[in-house]
Amino acid sequence: SYLVSAACLFALGPPRAHAAGGEDDAAKQAGFLQQIHEGVRYVRRHEIVRPLTLAAASLNFTGAAVAGLSAVFLARTLHLDAFAIGALLASEGVGGVLGAAVAPPLVRRLGTARTAVLTMVIAPVSALLLPLTYRGPALAAWVLGSLGLAGGTVVFSIVARTHRQLSVPAVLLPRVMATVRFLSWGVLPLGSLIAGALGAALGVRPALAIMCATLLLGLLPVLASPIRGRRDLIESPPAPGGDGGLPVAYEDS
């Protein structure tokens, strides 16, 4: 699929001339490395994008760890049959659908900033239920944990991505998105690798508990940022005809 995507991108040919309001001449002449630097600098200096990116990375890190340990935990630790394992793993998908459904009314009621904080509380608390799962009625802990973790992740992703689309200047949006995805998706293999190493060294349940507990760290950058005191991530829209809300981090370039 990635090769097909690359072929399609190459088939687009050279970019057309930018319409009015597109990139300025300086940005057009910027080299590849400079564009990467601009995206990294924007994310690093932005008071909202930076903590949201760190929180997203923590969600992906734990998500990859849980994905790597789930089947082993349910099959070898709890000794469940294939149907039970499939049903329990499916609860993650249900949580994602529920998260997408509740995101709009939740944002309308609480605001985007408060919703981001709430989800970064719900997700780690829910994740900590997973290693507490045992056979019998205690299997409900896995269902509740998966619903909360997946639902919280989806709601947070919707809020964070919408904020980037609305707040980042169009000239920088591709570079910022590339930076955010490199950081937040780059931890996926690390989460799986570390989870596997801990599982081999300590056992699956302790490894699952440790990896789920790390998600609590994702709340710290959110609480240490201006997000904590706001109702919405974007407090006011940019002025008409302005620069689209360019922060100081980019204005000096």
Sites residue 134 and residue 197, calculated FRET efficiency, Cβ-Cβ separation with R0 22 Å, nearest 0.05
0.35
Please give the FRET efficiency for residue 5 paired with residue 217, using the beta carbon to beta carbon distance and R0 = 30 Å, rounded to the nearest 0.05.
0.35
Helix-derived [θ] at 222 nm for the chain: sum -39500 (n - 2.57) over DSSP H runs of at least 4, divide by residue count, nearest 500?
-22500 deg cm²/dmol
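Go ahead and run the numbers for FRET between residue 47 and residue 231, Cβ-Cβ distance against an R0 of 22 Å, rounding to 0.05.
Given R0 = 22 Å and the Cβ-Cβ separation, E is 0.90.
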Value of D in µm² per second that Stokes-Einstein yields for region 64-183, Kirkwood Rh from Cα pairs, at 37 °C (0.692 mPa s)
209 µm²/s
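Mind checking which helices in the chain clear 15 Å along their axis (Cα) and have mean Kyte-Doolittle hydropathy of 1.0 or more, DSSP H runs only?
Details: long enough: 32-45 (20 Å, -0.67); 49-72 (35 Å, 1.24); 82-110 (41 Å, 1.28); 112-127 (22 Å, 1.31); 140-167 (40 Å, 0.88); 173-186 (18 Å, 0.65); 188-202 (21 Å, 1.81).
The qualifying helices are 49-72, 82-110, 112-127, 188-202.
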What whole-number value in cubic angstrom gives the convex hull volume per residue for the C-alpha atoms of the chain?
158 Å³
The size of the Cβ-based charge dipole (Lys, Arg +1; Asp, Glu -1) of the chain about the Cα centre, to the nearest 20 debye, is 480 debye
Sorted by packing (mean other beta-carbon atoms within 10 Å per residue), highest first, where do 89-96, 128-135 land?
128-135, 89-96
When the accessible area of the chain is computed with all protein chains present and a 1.4 Å probe, what percentage of it is carbon and sulfur?
68 percent
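The values are calculated or read from the model by the stated rules, or taken from the named source; none is laboratory data. Note that the structure is a prediction, hence the values are computed from the model and not measured. Every residue, glycine among them, receives a Cβ derived from its backbone with ideal geometry; neighbour counts consider all protein chains shown. SASA here: full protein model, heavy atoms, side chains in, ligands and nucleic acids out. Shrake-Rupley method; radii C 1.70, N 1.55, O 1.52, S 1.80 Å.
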